[in-house]
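Accompanying notes for the structure given below.
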Amino acid sequence: MSILIAIDQGTTSTRTVAFDKDLNIIHSEQKEYPLIYPSDGWVEIEPEQLMNSVYSTIDPVINSCKDISAIGITNQRETTLVWDANSGQPIYNAIVWQDRRTAEQCAQLKRDGYEEIIKNATGLLLDPYFSSTKISWILDNVDGARRRAEEGKLRFGTVDTYLLWQLTNGEVYKTDVTNASRTNLYNIHLKKWDPQLLEIFNIPSSMLPEVHASDSNFGEIVRGNKTIKITGMIGDQQSALVGQRCFQSGQMKATFGTGCFLMVNTGDESLQSASGLLNTIGYGLSDKVSYALEGSIFSAGTIIQWLRDNMEFFSNSSESINLLDASGESDGVLFVPGFTGIGAPHWNAEIRAAFYGITRDSTKKDMVTAAFKSLIYQVIDIKEALKVDGIEIRNLSIDGGMAANSGFCQLLADFLDQEVQVPASLESTAVGAAITAGLGANFFSIDDLQNKQSSNSTIYQPREKIFNSNDLAEWRKFLRVLLDVYN
């Protein structure tokens, strides 16, 4: 039996999954690790812990499988690492995509008039979310880093590139088009690193990896007595797009993980959003590059973790459904989840989380329900932004850990007033990495995948008289107050 393995390197854990030829899971291992918060708005990962989570999940899966055809890697995207070109040792912790420490640098670049240049080349906005200012910060704040970079002694990578370097003992230094497109350094139209952007962010070109299609040859991994080809690398949200088989223009998915990311395939057309969404590369597969529009919400699963670990409202995330009101009633309590700023379509790096409307009668249930609703309200904002850009959501396919919460899925359908589809497997990101590797290994074709797409999905239909438009209006009013404070 030929097997495909996916390494799904996420924000707070690594999962390695083995799939059979029909993309059924036959073995899975997961290892969590902590995030580090050195200062307000700063989020880091210790690189050794990140790599240990990879090794501790991939080895048991490889050892349990025979006849492995290929490995695919998918990863948290904009998270940034810089390491020594000879030793492979990182010179600083990984700076996570959620990190907001470079907000002032981004604001200064906007004042200097660079935002349109960057947006036109990359499809992205000037925001701390992306890798470019993270690299600049490391070069400017680690002793000797800029000098070493200019001497060609340092390497930059998003997590995919760092994993590939470590897994191949420094023999392969590559990334794929999806991860490159999230750095604010890659011209998505010319499909190359952009010299003008490197100059704006003051980053030497010697630090940058080769860019390849997502289903290219990315070398080999040797573990024990097995040598396995790596034939797929793709950013996690694009991987979920592939995993949900969104190969046609107009098809859309939403992933509710640490954050929430809605992405719609726009095909050959690179659409510049007029409403604060991101224009990005959806995938590079089978000699074809497809573009996508994306709405990024920074906090989703993070909210539930906070309610569990910091507020201690429940001991297990799955128990949150017991404190989620079935009709979405939160008795006037509102929540804005700006733990590390707020993303599309508002894009404010300074805003912080806040509750409003708490009275003596407010309960845990009110606060938990308000937190869940805040996520749905952000999805509504993105839906309306897509409409401004000429894209109408007719139905929504969702995946990720929060998609296992049936109460949340039902409220999402109610508030959006449209069908929400949840696939039988919520592991769309890992499935996408396996598909990408399978395409790279000529294991199957895109046509095969579309013809065999599973129909075993759960469908949530909107109920009448559940959505309260007045509550949404109050939430937007509260959000505007916070945005005005932090502008």
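The values are calculated or read from the model by the stated rules, or taken from the named source; none is laboratory data. In this text the structure is predicted, and so the values were computed from the model without any measurement. Counting neighbours? That spans all protein chains shown, and the Cβs are built from the backbone with ideal geometry, glycine included.
You will find that of Thr178, Thr183, the residue that is touching a Gly at 6+ places or on another chain (Cβ under 8 Å) and either within 28 Å of Ala107 (Cα to Cα) or in a helix (DSSP H, G or I) (or both) is Thr178 and no other.
Where strands (runs of 3 or more DSSP E) fall entirely within region 63-164, none has at least 3 residues that are outside the structural domain of Arg223 (by TED's automatic domain parsing) and charged (D, E, K, R).
Taken together, the criteria exclude Gly440 from residues that are among the small types (Gly, Ala, Ser) and surrounded by fewer than 21 Cβ atoms within 10 Å (Cβ to Cβ). For region 252-270, taking the residues that are modelled with pLDDT of 85 or more and farther than 24 Å from Asn405 by Cβ, the one that is surrounded by the fewest Cβ atoms within 10 Å (Cβ to Cβ) is identified as Asp268. For region 16-47, the set of residues classified as in contact (Cβ under 8 Å) with a residue 60 or more places away in the chain, over 23 Å from Val431 (Cβ atoms) and either β-branched (Val, Ile, Thr) or in a strand (DSSP E or B) (or both) consists of Val43 only. Checking each residue in region 401-446 for being more than 18 Å from Thr258 (Cβ to Cβ), without any contact (Cβ under 8 Å) to a residue 60 or more places away in the chain and among the aliphatic types (A, V, I, L, M) picks out Ala413, Leu416, Val420, Val422, Ala424.
Somewhere in region 298-305, is a residue over 29 Å from Gly41 (Cβ atoms), in contact with a strand residue (DSSP E or B) (Cβ under 7 Å, 6 or more places away or on another chain) and outside any loop (DSSP other than H, G, I, E, B)? No, there is no match, as no residue in region 298-305 is over 29 Å from Gly41 (Cβ atoms), in contact with a strand residue (DSSP E or B) (Cβ under 7 Å, 6 or more places away or on another chain) and outside any loop (DSSP other than H, G, I, E, B). Evaluated against (1) outside any strand (DSSP E or B); (2) without any contact (Cβ under 8 Å) to a residue 60 or more places away in the chain, Ala292 falls short on exactly one condition, (1). Every residue in region 213-226 that is touching a residue at least 60 places away in the same chain (Cβ under 8 Å) and assigned to a strand (DSSP E or B), please. Selection gives Ile221, Arg223, Lys226.
Checking each residue in region 91-132 for being in contact with a Lys or Arg (Cβ under 9 Å, 6 or more places away or on another chain) and either under 15 Å from Arg155 (Cα atoms) or without any contact (Cβ under 8 Å) to a residue 40 or more places away in the chain (or both) picks out Ile91, Ile95, Thr102, Ser131.
Hey, can you tell me all the residues within region 180-211 that are more than 12 Å from Thr122 (Cβ to Cβ) and either free of Cβ contacts under 8 Å to residues at least 12 places away in the same chain or of a type in the set (Ser, Thr, Tyr) (or both)? Once the filter is applied, which keeps residues that are more than 12 Å from Thr122 (Cβ to Cβ) and either free of Cβ contacts under 8 Å to residues at least 12 places away in the same chain or of a type in the set (Ser, Thr, Tyr) (or both), region 180-211 yields Pro195, Glu199, Ser205, Ser206.
For region 162-179, a residue qualifies if it is free of Cβ contacts under 8 Å to residues at least 60 places away in the same chain and touching a helix residue (DSSP H, G or I) at 6+ places or on another chain (Cβ under 7 Å), and the qualifying residues are Val172, Tyr173, Lys174, Thr175. Report yes if some residue within region 375-382 is part of a helix (DSSP H, G or I), modelled with pLDDT of 90 or more and farther than 15 Å from Ser299 by Cβ; otherwise report no. Yes, the conditions are met somewhere in region 375-382.
In the set Lys174, Lys119, Lys134, only one residue is in contact with a His (Cβ under 9 Å, 6 or more places away or on another chain), buried (at least 17 other Cβ atoms within 10 Å of the Cβ) and charged (D, E, K, R); that residue is Lys174. List pairs: first in region 334-359 and without any contact (Cβ under 8 Å) to a residue 40 or more places away in the chain and not assigned by TED's automatic domain parsing to the domain that holds Leu262, second surrounded by 22 or more Cβ atoms within 10 Å (Cβ to Cβ) and not polar (S, T, N, Q), Cβ under 6 Å, 6+ apart or cross-chain? Cβ pairs passing all conditions: none.
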